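The values are calculated or read from the model by the stated rules, or taken from the named source; none is laboratory data. What you see is a predicted model; the values in this text were computed from it and never measured. Positions of Cβ are generated from backbone atoms using ideal geometry, with glycine treated the same way; all protein chains shown enter the neighbour counts. For accessibility, only protein heavy atoms count, side chains too; no ligands or nucleic acids. Shrake-Rupley method; radii C 1.70, N 1.55, O 1.52, S 1.80 Å.
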Amino acid sequence: MARHISAFALVLALFAPLAAQSRMDADINAKIRQEENSHSQIMKTLHMLADVYGPRVTGSPSLKAAGEWAIKEMQSWGFSNGHLEPWDFGHAGWVNERFSAHVTSPVKDQLTCEVLAWTPGTNGPVTGDAVVAVINEEKDFAEFKGKLRGKYVLSMPMRDVAPHFDAQGKRYTDAELADLSKQPPAGGGRGRGNFGAGQEFNRRKTQFWIDEGVAAVLDFGRGDGGTVFVQSPQGVSRDPKGPAQPAQVTLTVEHYGRIWRTLDKKIPVTLTMDIANTFYDADQNAFNVVAELPGTDKADEVVMIGGHFDSWHTGTGATDNAAGSAIMMEAMRLLKVSGAKLRRTVRIGLWGGEEEGLLGSREYVKAHYADPAVMQLKPEHAKFAGYFNVDNGTGLIRGVYLQGNEAVAPIFQQWMEPFKNMGMTTLTIRNTGGTDHLSYDAVGLPGFQFIQDEVEYDSRTHHSNMDTYERVQANDMMRNAVIVASFVLNTANRDDKLPRKPLPKPTPPAGRGTQP
């Protein structure tokens, strides 16, 4: 009997620290939730980034002003080592300072449209006739040669616009989440085709517009209902001393169609546009926003969270990605205010240059951890515990993309338990692309993007003039900050760093030339 009592006492002794830690974590998580419910700062942060400083194009003064504000705000919350960490953009910054566009005949009316990034302006108001000049083949150059000087060129054939019978906003259904959790079929990717030949033809077409002396090149995007999706033109130079570019403008499809149909009926259309675009020296405006909460017994090891800080110039960059930046700032604030004892240092990185090809996070990873081109690891690589990213809009977090890291699944499954009543139920082994966790994954570090409800991200707000504060869902944002804070707390305080996949082979450096 005495031996049974001794054995039971030994079990209690072994599990007592774990039970105490569990109670401590539960207490901290309760404080985190209470703080977010009662004193959330997340929508204030979003307002500052989107309304006051947005849009935040890489290399622009507005991005720099937003970064300086974010550092001051995080310092006021008690974060350490707040700074703007510069990197070499290698291109000019760009800002659309002023833009107006009108039909001036056969009637007078305002147009809804957006200029394309890194294109020039008009040097004051310019009035000219609208003409259709669709160039898809070599023979088309000859047809329009000598006919386009001073003209506003409709460069695309008009398309049909279908009605919307389903809501543009959506959340994942249970069936969709179940399908997402399955291993995707192997292969099946489409080839890229003769991409180089297409680029060369587009360069020739751009030069043709310049040689012809067009007033501006007009097109439309995939949106409708007043939504304009705009980035920068394929192949555009970000150097004002580089290859010449024409002024380029994307109209709503409805306004483009009105002009198209009027011209098709042989009725002349005259437009007036005033576009003021400014190029800026980017040397002082390309940076990442970095701050920390220091750890304790494992302070030399680091957990990172982040999202990109830059945006395109239409809208105010609210869902892409002031939302992710505000969530990460708020998650850090919740950890600070809750009094959580962090074993590892927690560091936030808000990245510039994501929209031009993950440039800011790639430069940060290269400087601190490894260059994927050669895979020579820096000392910090061994001290890295994990990275979490938010960059899919305002939607509620529903799970995690594991990025092929099977060993982390049971860990995350346990961490999701407190949030299943919020709808966080799904882990998928799948990869997801297009955002900054890939910079970490590329050098063998555990980097993860959360699965989020799409809401209106792809259908309405992503890179569009509708990307504004009004499209952000406050309740989702608040819940996301709580979830991120909990995942970070768990990562910072577990005995071991998160499991890693095998180191990838060196990869050639990606070109910096263009991002569509």
Residue count for the range 56-78, restricted to those that are open to solvent by 40 Å² or more (accessible area, probe 1.4 Å) and either touching a residue at least 60 places away in the same chain (Cβ under 8 Å) or outside any helix (DSSP H, G or I) (or both): 4
When both residues are 6+ apart or on different chains and their Cβ atoms are under 8 Å apart, which pairs have a first residue that lies in the range 132-144 and is under 13 Å from Glu212 (Cα atoms), and a second that is open to solvent by less than 100 Å² (accessible area, probe 1.4 Å) and part of a loop (DSSP other than H, G, I, E, B)? Ala133/Leu148; Ala133/Lys151; Ala133/Ser155; Phe141/Ile135; Phe144/Ala133; Phe144/Ile135
Which residue, of Gly223, Gly235, is open to solvent by less than 10 Å² (accessible area, probe 1.4 Å) and in a loop (DSSP other than H, G, I, E, B)? Gly223
Could you grab the pairs with beta carbons closer than 6 Å, sequence gap of 6+ or different chains, first residue in the range 281-299 and outside any strand (DSSP E or B) and at pLDDT below 95, second one of a type in the set (Phe, Trp, Tyr) and open to solvent by 10 Å² or more (accessible area, probe 1.4 Å)? Ala286/Trp87
What number of residues in the range 166-187 are closer than 25 Å to Gly223 by Cβ and exposed (fewer than 10 other Cβ atoms within 10 Å of the Cβ)? 3
Being in a helix (DSSP H, G or I) and among the polar types (S, T, N, Q) is the filter; apply it to the range 300-347 and report the residue that is nearest to Glu36 (Cα to Cα). Ser338
In the range 350-395, what residues are part of a helix (DSSP H, G or I) and within 21 Å of Gly434 (Cβ to Cβ)? Glu354, Glu355, Glu356, Leu359, Gly360, Ser361, Arg362, Glu363, Tyr364, Val365, Lys366
Being in contact (Cβ under 8 Å) with a residue 24 or more places away in the chain and open to solvent by 10 Å² or more (accessible area, probe 1.4 Å) narrows it down to one residue among Gly317, Gly352, Gly339; which is it? Gly339
In the range 427-468, which residues are open to solvent by less than 30 Å² (accessible area, probe 1.4 Å), of a type outside the set (Ser, Thr, Tyr), out of contact with any Leu (no Cβ under 9 Å at 6 or more places or on another chain) and not in a loop (DSSP other than H, G, I, E, B)? His437, Phe450
If we ask which residues in the range 222-250 are under 20 Å from the mean Cα position of the chain (by Cα) and under 17 Å from Ile135 (Cα atoms), their number turns out to be 2
Pull up the range 90-135, narrow it to residues that are farther than 22 Å from Val230 by Cβ and assigned to a loop (DSSP other than H, G, I, E, B), then point me to the one that is most open to solvent (accessible area, probe 1.4 Å). Lys108
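Take Thr296 and decide whether it is open to solvent by 20 Å² or more (accessible area, probe 1.4 Å) and in contact with a Leu (Cβ under 8 Å, 6 or more places away or on another chain).
Criteria met by Thr296.
Hey, any hits in the range 482-496 for a residue that's in contact with a strand residue (DSSP E or B) (Cβ under 8 Å, 6 or more places away or on another chain), open to solvent by less than 10 Å² (accessible area, probe 1.4 Å) and assigned to a loop (DSSP other than H, G, I, E, B)?
There is no residue in the range 482-496 that is in contact with a strand residue (DSSP E or B) (Cβ under 8 Å, 6 or more places away or on another chain), open to solvent by less than 10 Å² (accessible area, probe 1.4 Å) and assigned to a loop (DSSP other than H, G, I, E, B).
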Taking first residues from the range 432-448 that are at positive phi and of a type in the set (S, T, N, Q) and second residues anywhere that are part of a helix (DSSP H, G or I) and open to solvent by 10 Å² or more (accessible area, probe 1.4 Å), the pairs with Cβ under 8 Å that are 6 or more apart or on different chains are none
Checked the range 238-251 for anything part of a loop (DSSP other than H, G, I, E, B), open to solvent by less than 20 Å² (accessible area, probe 1.4 Å) and either polar (S, T, N, Q) or within 17 Å of Tyr280 (Cα to Cα) (or both); matches are Arg238
Counting only residues that are aliphatic (A, V, I, L, M) and assigned to a loop (DSSP other than H, G, I, E, B), which one in the range 145-165 is least open to solvent (accessible area, probe 1.4 Å)? Leu148
For Lys420, state whether it is at pLDDT 95 or above and surrounded by fewer than 18 Cβ atoms within 10 Å (Cβ to Cβ). yes
Just checking, does the range 404-414 include any residue being closer than 24 Å to Ala326 by Cα, out of contact with any Asp or Glu (no Cβ under 6 Å at 6 or more places or on another chain) and open to solvent by 10 Å² or more (accessible area, probe 1.4 Å)? no
